[in-house]
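Every read-out reported here was derived from the displayed coordinates using simple, explicitly stated rules and does not represent laboratory data. Here the structure is a predicted model, which is why all the values come from computation and not from measurement. Note that we place each Cβ from the backbone using ideal geometry, even for glycine, and neighbour counts take in every protein chain shown.
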Amino acid sequence: MATKFQAWSQATQAITTGRSAADGALAPTLWATTTFEPADLAQAKEFATQRRPTHFYSRYGNPTVAAFEEAIAELEGAESARAFSSGMGAISSVVFGLCTQGAHIVASKQLYGGTRQLLEGFCPRFGIDVTFADGTKPGALEAAVVPGKTVLVIAETPANPRLDLVDLDELGSIVGPITVVDATFATPLGQQPLSYGVDLVIHSATKAIAGHNDATLGVVAGNADLVDWISGFASLQGACASPADALSGLRGIRTLPVRLRQQTATAHALAESLEGHPAVGEVRYPGLASHPQYELAQRQLKSAGGILSFELAGGYPAGEALVQRLNLAVHAPSLGGPETLICHPASTTHAGLDQAQLADSFISPGTIRISCGLEETADIVADFAQALDRVASSN
Ligand SMILES: *Cc1c(COP(=O)(O)O)cnc(C)c1O
């Protein structure tokens, strides 16, 4: 797709992409229609039987949604992409569109809580076995593959919430199963999993891609046959992206490079300021030399990103005190938007996991996740400093 742009950087592609059917319009056009009138029965049948119709019925496809899909495919270096109504819509379509009863999935332990719940709670009901392995341990995912039985290997990198990394070279070289990366934290600008031989990349575009906390959207990108197969299932599963949200997604892509740059600068400064603070234990940010996989981060991440996590020395009570003492950062789930958000994973994104699952996902009661927004960096650093100083003095 769009080979004429390939010499340009991704930041430029983000500006030029998604216009192949735009009729000269620079801003995305909202096709707020669920249905289309064909010229005659022959054309109706042609649209109804296309693999990816865009002018038939919007659950199957829609021109605004297709423009967003074109943009994601181009940024990921993929042949094709399919948008969904959410990140979970994308993940569940990949899982249930590709696995049948008796299938086996290998997944990294370090996953978004919803993905873990889907795999651990629902897959067994459909006769799909799941084995979890530590995605940070070299060779662990590959070692869990059962030849002839494992259909999917699912990893998330950097993983929610602790920024653990999975080696994409290793994942991409696994032979047999279809390999999948949830790359929400990195965005298409931070890494390109498909270039390592990974088969499918997934994003919760609700996060940094749409980028303004106003759209719920997901996407899968990969080779055309695989994405078409998933789309065939998805059209009947029904988690289709709304044209309005796809428009927000494409609009978000235009400013993603500059937003990511600002958020990364703030995250780096904040992470540095947190290290050594008496209220703070371990700080995890892939851009700091203290990250246990810093060397891997340097190798595979083009941007360390706007998200970091840390452990509060005072555990849960310190978490409660911290969210109350921040004046600027907002206590809310989600990430990648204009506002700096603080989230306590054990009571939000991973609240559906029991104590054993939390421990197995390496999340403690004192784990805090920060998504840096677009405020002035110094203001965010100062807000955390004043709040943490008060948390430390009340310990
Ligand atoms: C938020 C998130 C999801 C789920 O996406 P939704 O759009 O909320 O369905 C999946 N994976 C990661 C890493 C996420 O952060």
Task: Stretch gain in nm, segment residue 20-residue 272, where the contour uses 0.36 nm per residue and the Cα spacing is subtracted - done: 86.4 nm
Task: Förster radius 35 Å - calculated FRET efficiency between residue 313 and residue 100, Cβ distance, rounded to 0.05 - done: 0.15
- [ ] Mind running the shape call on segment 257-394? Use the C-alpha gyration tensor, a ≥ b ≥ c as the square roots of the eigenvalues: rounded below 1.5 for a/c, prolate if a/b tops b/c, oblate otherwise.
- [x] rounded
Open item on the list: Only four residue types carry charge here, +1 at the Cβ of Lys and Arg and -1 at the Cβ of Asp and Glu. Report the dipole size of the chain about the Cα centre in Debye, rounded to the nearest 20.
Closed with: 380 debye
Open item on the list: For a quick check of your reading of the filter: which chymotrypsin sites (Phe, Trp or Tyr not before Pro) in segment 53-144 sit in a DSSP loop and have no more than 10 other Cβ atoms within 10 Å?
Closed with: none
Task: Kirkwood Rh in Å, taken over all unlike Cα pairs in segment 13-83 - done: 13.0 Å
Task: Paired Rg and Dmax values of segment 231-304, which use every Cα atom, in angstrom - done: 18.4, 54
- [ ] Could you calculate the FRET efficiency of residue 122 with residue 356 from 1/(1 + (r/R0)^6), where r is the beta carbon distance between them and R0 is 25 Å, rounded to 0.05?
- [x] 0.85
Open item on the list: With bins 20 Å wide starting at 0, give me the P(r) of the chain over every alpha carbon pair, in whole percents.
Closed with: 29, 57, 14, 1
Task: Residues residue 30 and residue 7, FRET efficiency given R0 of 25 Å [Cβ-Cβ distance, rounded to 0.05] - done: 0.20
Task: Sum of -39500 (n - 2.57) over DSSP H runs of 4+, divided by residues of the chain (222 nm, nearest 500) - done: -11000 deg cm²/dmol
Task: Approximate spin-label separation residue 149-residue 330, in nm, with each point projected 7 Å along Cα-to-Cβ - done: 4.7 nm
Open item on the list: Restricting to lysines 8 or more places apart or on different chains, can you count the pairs in segment 10-252 with Cα atoms under 23 Å from each other?
Closed with: 4
- [ ] Could you tell me how many degrees, from 0 to 90 and to the nearest 10, lie between the Cα long axis of helix 224-237 and the main elongation axis, the longest principal axis, of the Cα atoms of the chain?
- [x] 90 degrees
Task: Degrees, to the nearest 10: 315-325 long Cα axis against longest axis of the chain - done: 80 degrees
Open item on the list: If I model a spin label as a point 7 Å beyond the Cα along the Cα-Cβ vector, how far apart are those points for residue 379 and residue 289 in nm?
Closed with: 3.3 nm
TODO: Take the alpha carbon atoms of segment 169-226, find their radius of gyration, then divide it by 2.2 N^0.38 Å using N residues; give the quotient.
DONE: 1.19
